[in-house]
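Written below as structure tokens is the structure these notes are about.
Rule-based calculations on the coordinates, nothing more; no lab input. These figures come from a predicted structure and were not determined experimentally. Cβ sites come from the backbone with ideal geometry, for glycine too, and all protein chains shown count toward neighbours.
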Amino acid sequence: MNTDTVATPAAPLNRRHKPRSSLACLPCRSRHLKCDGVRPYCSRCTVAAQKCQYTQSRRGGLDRAALAERRKRLAATGSGATQAESADILSPLQQSSRAHRHQEHPPPRLPGDDVEPDITNDYGLSGESSNAGSPSSPRIDIGDDIEGDPLIASYYKNFHKFHPLVLPHKHLTRIHRTPSIKLNLRPLVAILRLIGHIYSSREWSTSLRDHVESCFAAASPADPIMVQCRTLYSIALFWNNYKDESKREMDAAVRLGLDLQMFRQDFAEKHGSQDAVLTECWRRTWWTLYMVDAFYAGTLGTMNFATVDVVATVDLPCEEWEYEQGQIPEPPKTLQDFDCRDLAPESTSFSSFAYLIGAVRCAALAISTAPKVATSECSQQILQAADAVINGWLLLLPKGDRKQVLSKTGELDELMFQAHLLIHVATVGLHRPLSDLKFNAIEWISTCARAPPRETPTTELINVHTVRVLKSTEAQIRLLALPTEKQFHHSPFTTCMVSEGTLALLSGCKFLFKGKELAIARDQIRMTIGCLKVLGELWPRTAKNVQEIQIIARHALGLVAGPRPQAAAMTTTTTTTTTKPDDSVLGNSQVPSLSSSSDQGGGQTTNEGSDVVDPLSSDFDIFASLGSMEDVCGWYNNSNDFGQDLSWWTDNNPL
């Protein structure tokens, strides 16, 4: 593990230069709060988005801000006066957000495209930053900020539970204050702040991004903490439409994880510094890297799953509450234990994280088992091989109150939610090409859609495949309708999981459903689009996907063309293309463009204009039909009891 740490010199620096009350801003002084004295906006006022004022200097000459600028200029010319470089990274935040609040952000200034991504050269970062041309990256004192920093608190409140690989908040603070554990937390703190800012301000921060890249460039390229940092940074970049930069970060994270052999059981023990929570953290780092790698493969519709064939011996993660409280069980469960759970006693239990890992492995195995091109001959193969893998995961879920997606107190198990959603979208992907749920030609515009089969095969078991798809889409709907505290507050990777089920449901509306079933399906489509819209308020790539589904729905449902979203909200051009959907969707090739030649959307993307009329909007209350909490919590106990009543369809289409 990297033994370099930036916390050591920070402590004496703070003791020598403890800010006096006379140097604090007026709002902080009036509230008796510690102020960092950064001008023109201190960190507290910047985060609180309030006016920051300082008292007029009684002395002539330069004030502190002017002196700091003078020292920077002297440092640039080789004078070496660098003590003023301790300015907080949050100081330019308010200026940056004002300048970019109502316009698209430019693509991030990463290194030249001619530099191949390589962990040994830190992506070739030149140290350039958008912050006033400082010769070195902005430096922050993380000694006291980890516990009280509002952006880090926002990360843990809003994002941590989706991908819980980072140390829990209190343990991150504890380990940073433990002198015997040498852990470079500077790049990790930088990326936590960036993601926390996305949730607190609902916008991309150029200044925080620049600081992340500066911290990455200064870190050791072989530091294990960089696997966590690059994985999280890749997620933030991807869902803000920086696809190429995201891939570069993820590729580097995977290479580093493999080079360090984080998949081996002894890695966590070797780098855990005899701390049980830190050891557990390293186990989670590998498994999160594995799962995010799989999520990218599914989201992009590729099989570029670099970690899929790695023989991992690292132990499985524990329960989330054990991780948070530091009560790590010994010995931990192993992957072999999980694979033999069918032979274990009924009381044997595994963590939600372990079941999510199992779901990813099952989905990857099922997809690899199925032929790449759907034909009539492969129907039986999918039913016998691929379905056995998926059904095995569902049937071996714990019975009773263990491993429920929603507890009786209304608390959602986010990892089990992702696991169920993944299992059902894998089922849809396997069976739809062989079912009656035909692909609409316009589906190609969706960034989440899979390539349709070259020809729709007619099999003797077509009804079986159709029912399997419909049951999985219905199971997804029930997951989305769970009465949670926040409206669709989930990982951005759920975007394409929900979208694929929605596309299958739209096909059912066009080709299968009638009467009451059609009306119910339409209401379900409204709900799924509403869920994605909520997620799109945070992640521009999701907002773009919502627009794609809306256009597909108009065509598939044969609706009269309504006002189109402005092209500027969907592309980098200013030309608006309006196309009236043809009642005959198949064969209609005139589809509005949803993406420019580059996939770099650059930060915020407006979901839709204020004058756009959504033909899919509805006052339908999806929760009106929910029963008691016991009924809600028991939805997923029985894997065969989550489908809608399809007797009307199978009676008319006998096997």
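Residues of region 335-356 falling in the label zone of TRP321, defined by backbone nitrogen less than 13 Å from a point 7 Å along Cα to beta-carbon, are 352.
Placing +1 on the Cβ of every Lys and Arg and -1 on the Cβ of every Asp and Glu, with no other charges, gives region 146-340 a dipole of roughly 540 debye about its Cα centre. A simple count of charges around ILE198, restricted to other residues whose Cβ falls under 13 Å of its Cβ and scoring Lys, Arg +1 and Asp, Glu -1, yields +3. Other residues with beta-carbon under 14 Å from the beta-carbon of HIS431 carry, at +1 per Lys or Arg and -1 per Asp or Glu, a net charge of +1.
Under the criterion of Cα pairs below 8 Å and six or more residues apart, the relative contact order for region 146-340 equals 18 percent.
Checking the cross-link pairs LYS438/LYS533; LYS182/LYS270; LYS471/LYS510; LYS471/LYS516; LYS438/LYS510 against a 20 Å limit on the alpha carbon distance flags LYS438/LYS533 as lying beyond it. Projected label points at LYS399 and HIS32, each 7 Å from Cα along the beta carbon direction, are separated by 6.1 nanometres. Using 7 Å Cα-to-Cβ label points, what is the ALA385/GLU269 separation (nm, one decimal)? So the label points at ALA385 and GLU269 sit 3.7 nm apart. Here r is the Cβ-Cβ distance between PHE511 and ILE181 and R0 is 56 Å; the resulting FRET efficiency, rounded to 0.05, is 0.40. Restriction of the GluC sites (Glu not before Pro) in region 425-523 to DSSP coil positions whose beta-carbon has at most 13 other beta-carbons within 10 angstrom yields GLU455, GLU460, GLU485.
FRET efficiency for the GLU411 to GLU460 pair, using the beta carbon distance and R₀ = 45 Å, is estimated at 0.50.
Under the 0.36 nm per residue contour assumption, what length would be gained going from the current alpha-carbon distance of LEU559 and ASP244 to full extension?
Additional length available on full extension: 109.8 nm.
Residues of region 288-311 with an amide N closer than 19 Å to a point placed 7 Å from the Cα of TRP444 along the Cα-to-Cβ direction: 300-302.
A simple spin-label model places the labels of ILE520 and LEU300 3.9 nm from each other, with each point 7 Å out along Cα-to-Cβ.
Sorting check: for 289-297, 320-328, which peptide has the highest mean count of neighbouring beta carbons within 10 Å, and how do the rest follow? Before the final figure, lay out the partial values.
Working: 289-297: 23.0, 320-328: 15.4.
Most protected by this proxy first, the peptides run 289-297, 320-328.
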